[in-house]
Every structure is written in structure tokens, then in C-alpha cells.
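Quick notes on the structure that follows.
The values are calculated or read from the model by the stated rules, or taken from the named source; none is laboratory data. Here the structure is a predicted model, which means the values were calculated and not measured. Using ideal geometry, Cβ is built from the backbone for each residue, glycine included, and neighbour counts are taken over all protein chains shown. Please note that ligands, DNA and RNA were not included when accessible areas were found on the heavy atoms of the full protein model with its side chains. Shrake-Rupley method; radii C 1.70, N 1.55, O 1.52, S 1.80 Å.
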Amino acid sequence: MTPQNELRLLPWSGPDGKPCYLSTDDSGGYMSRLADNIEAVQLGMAADLVEQVSAVLGDQGAGSEDLRHMLTELTGALRDVLRVATSRGHLLAVSESQSTASLG
């Protein structure tokens, strides 16, 4: 198992919205691959949403309900993207520190 400072933040929340973490030495294991796939879906959905938001913002006839809906969706997508960025940033930092340690 990985040391505690190498836990992977997963792209979903647990009960009560608390973060979930994965501790494993196998980055190609089932849970790691599942997390990678979910992150890819979340990032793809966020990219699609950016296009939709741009279309709504360009529509002079868009009402406040349309804008409220887009902001709600955008907030959720941003939350997902931030979680992915945090997780990947942490994994990158751990990987870099392991590379530096093996050189020393």
C-alpha cells in the first residue's frame, strides 16, 4: 500500500460529500482505471458545457432561467474539474518527488 501522503483523491464524493481516497501501489488497477475514466468523462462534459454556455450567452433571447440553469451546470462542472486538477497535481508532485529521490 502507498504511504498516506500518496493517497489519490478520487473523482467522486463519499457519504455526506466527504472526499474519497485510493491507496494502492497499482496505478493500473481496477479502481485507478475507473477513476481515470470518470475523470476523462468529467473533463469532456466540462468542455461540452463551455460550448453550451457560450451559445446561451450569445443568445439575446436567453432568459434568467436559462442563465441560472447554465450557472448551476457550470458550477458543478467546475467543481469536478477542480477535483481532477487537485488529484492530478498531487499525483504529479508525488511522482516528481519519487523521481528525485531515486536520483539521489
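The ratio of the alpha-carbon radius of gyration of region 29-88 to the globular-protein estimate 2.2 N^0.38 Å is 1.36.
What does the charge dipole of region 29-88 about its Cα centre add up to, to the nearest 20 debye, if the Cβ of each Lys and Arg holds +1 and the Cβ of each Asp and Glu holds -1? Write down the numbers at each step before the final one.
On the way: 5 positive and 9 negative charges, 73 e Å.
It works out to roughly 360 debye.
The mean accessible area for residues of region 29-88, using a 1.4 Å probe and ignoring ligands and nucleic acids, is 68 Å² per residue. Between amide H atoms placed 1.01 Å from N, distances below 5 Å from L7 occur with no residue 5 or more places distant or on a separate chain. Between amide H atoms placed 1.01 Å from N, distances below 5 Å from Y21 occur with L10, all of them 5 or more places distant or on a separate chain. When region 29-88 is described by a simple charge dipole with +1 on each Lys and Arg Cβ and -1 on each Asp and Glu Cβ, the residue from A55, L43, M31 located farthest towards its positive end is M31.
Using Cα pairs under 8 angstrom and six or more residues apart, how large is the relative contact order of region 1-67, in percent? Mind dumping the intermediate values first?
Numbers: 42 pairs, mean separation 14.2, N = 67.
With pairs under 8 Å counted, the relative contact order is 21 percent.
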